[in-house]
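Asker: Before we start, here is the structure in question, set down as structure tokens.
Each value in this text was obtained by applying a stated rule to the coordinates, not by laboratory testing. All values reported here derive from a predicted model rather than from experimental measurement. FYI the Cβ positions are ideal-geometry reconstructions off the backbone, even for glycines, and counts take in every protein chain you see.
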Amino acid sequence: HHPVLDLTGEVSELTYSSGPFAGKLSGDISLAGIWPQPLFSGRLSLQQGSFDLGKLGQTGTLAFELPLAVDVEIDDSLKVTGIGMLDLTAVGGLHIGGSTKAPILRGRIEAERGQVVYLGTPFKVVKGWADFRPYQGLIPDVYLEGLGEVKGTPVTLILQGPGDNMEPSLRSEE
């Protein structure tokens with residue numbers, strides 16, 4: 001016979017840092033089910049969060065595997081940086097399923113404000129989002145649109161595609 005777990009608890013400003021994600025987590029968590037595969041679930045909010053696109057694919061793995069069902073809401077805002085060209089704040093939420101060894105993310109994070117520097121030109125982010133879909137691993141589909149000026153001409157920059165391989169395109173009204 002394997003033991004049955006039914007543990008619940010609360011975390012408050014637990015500092016988390018793994019791969020591209022960092023921040024403080026607060027909320028309710030539980031570990032329930034038959035050992036050695038109890039379900040780790042929870043409803044957490046993320047404060048002072050950051051996401052570094054330059055570190056996509058670098059997640060630390062745990063020595064043990066647990067099934068996951070965790071909802072994370074971005075509480076204040078998420079600071080998104082990456083590859084020296086991106087600096088923005090975002091809001092949204094994610095559901096983390098799968099397991100600790102193979103997490104599956106689902107959800108959307110939307111850009112609130114920020115800038116992208118492309119070819120030395122700053123572009124003000126006017127809209128953007130990252131969609132995390134099951135079976136894409138930890139790499140979101142990204143769409144970012146920014147407005148800038150090149151030699152006095154208004155130019156729109158669009159970055160889209162997988163977060164680790166976004167395709168840029170430039171458009172001007174002239």
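Asker: Taking R0 as 30 Å, what FRET efficiency do you get between V11 and E110 from their Cβ-Cβ distance, rounded to the nearest 0.05? Can you show the working numbers first?
Answerer: Details: r = 25 Å, r/R0 = 0.85.
The value I calculate is 0.75.
Asker: So, one more: Around T156, with a cut-off of 10 angstrom between Cβ atoms, what is the net charge of the other residues, counting Lys and Arg +1 and Asp and Glu -1?
Answerer: Values: positive: R171; negative: E145, E173.
My count for the surroundings of T156 gives -1.
Asker: Select from I96, T121, F51 the residue farthest towards the positive end of the dipole of the chain; place +1 on Cβ of Lys and Arg, -1 on Cβ of Asp and Glu, and compute about the Cα centre.
Answerer: The Cα lying farthest towards the positive end belongs to T121.
Asker: Under a Cβ-only charge scheme (Lys and Arg +1, Asp and Glu -1), can you give me the dipole magnitude of the chain about the Cα centre, in debye to the nearest 20? Mind showing how you got there, number by number?
Answerer: On the way: 13 positive and 21 negative charges, 52 e Å.
That gives a dipole near 240 debye.
Asker: Next question. So, in nm, how far is label I158 from label E65 when the simple model puts each one 7 Å beyond its Cα toward the Cβ?
Answerer: 4.1
Asker: Please list, in chain and number order, the residues 5+ apart from A22 or on another chain whose amide H is under 5 Å from its amide H, with Hs placed from the backbone.
Answerer: Placed amide hydrogens put S50 under 5 Å from A22.
Asker: Round to the nearest 0.05 the FRET efficiency obtained for S169 and T89 when R0 = 30 Å and r is the Cβ-Cβ distance. Don't skip to the answer; put the middle values down first.
Answerer: Numbers: r = 24 Å, r/R0 = 0.80.
Efficiency for this residue pair is about 0.80.
Asker: How big is the Rg/Rh ratio for the range 81-134, C-alpha atoms only, Rh by Kirkwood, two decimals?
Answerer: Reported Rg/Rh (Cα atoms, Kirkwood Rh): 1.10.
Asker: In whole Hz and in residue order, list the ³J(HN,Hα) couplings for the range 153-168 that follow from phi through the Karplus curve 6.51 cos²θ - 1.76 cosθ + 1.60, θ = phi - 60°; x for Gly and Pro.
Answerer: 9, x, 10, 9, 9, 10, 10, 8, x, x, x, 9, 7, 6, 8, x
Asker: The list (i) 33; (ii) 19; (iii) 60 gives values of percent of Cα pairs over 27 Å apart, and only one came from this structure; which label was calculated from it?
Answerer: Answer by label: (i).
Asker: While we're on this one: Which cross-chain or sequence-distant (5 or more) residues have an amide H under 5 Å from the amide H of F123, H modelled 1.01 Å from N in plane?
Answerer: When sequence neighbours closer than 5 places are left aside, the close amide H contacts are V116, V117, Y118.
Asker: Keeping to pairs on different chains or 8 or more places apart, tell me how many lysine pairs in the chain have Cα atoms under 21 Å apart. Mind dumping the intermediate values first?
Answerer: Numbers: K24/K55; K24/K79; K55/K79; K55/K101; K79/K124; K79/K127; K124/K151.
Step by step, the pairs that qualify in the chain add up to 7.
Asker: Note down the magnitude of the dipole of the range 96-174 about its Cα centre, charges +1 on Lys and Arg C-beta and -1 on Asp and Glu C-beta and zero elsewhere, to the nearest 20 debye. Please report the intermediate quantities before stating the final value.
Answerer: Working: 9 positive and 10 negative charges, 60 e Å.
Using Cβ point charges on Lys, Arg, Asp and Glu, the range 96-174 gives about 280 debye.
Asker: Here's another thing I want to ask about it. What residue among V142, V116, V126 has the largest mean-square fluctuation in a Gaussian network model of the chain, using Cα springs under 10 Å?
Answerer: Checking each option, the largest mean-square fluctuation is seen for V126.
Asker: Just need the relative contact order of the chain here, percent rounded to a whole number, with Cα pairs under 8 Å and 6+ apart. Kindly include the intermediate steps, with their values, before the conclusion.
Answerer: Working: 482 pairs, mean separation 22.7, N = 174.
Reported relative contact order: 13 percent.
Asker: Next up: I'd like to know which of P140, N165, L66 lies farthest towards the positive end of the charge dipole of the chain, counting +1 on Cβ of Lys and Arg and -1 on Cβ of Asp and Glu.
Answerer: Most positive-ward Cα: N165.
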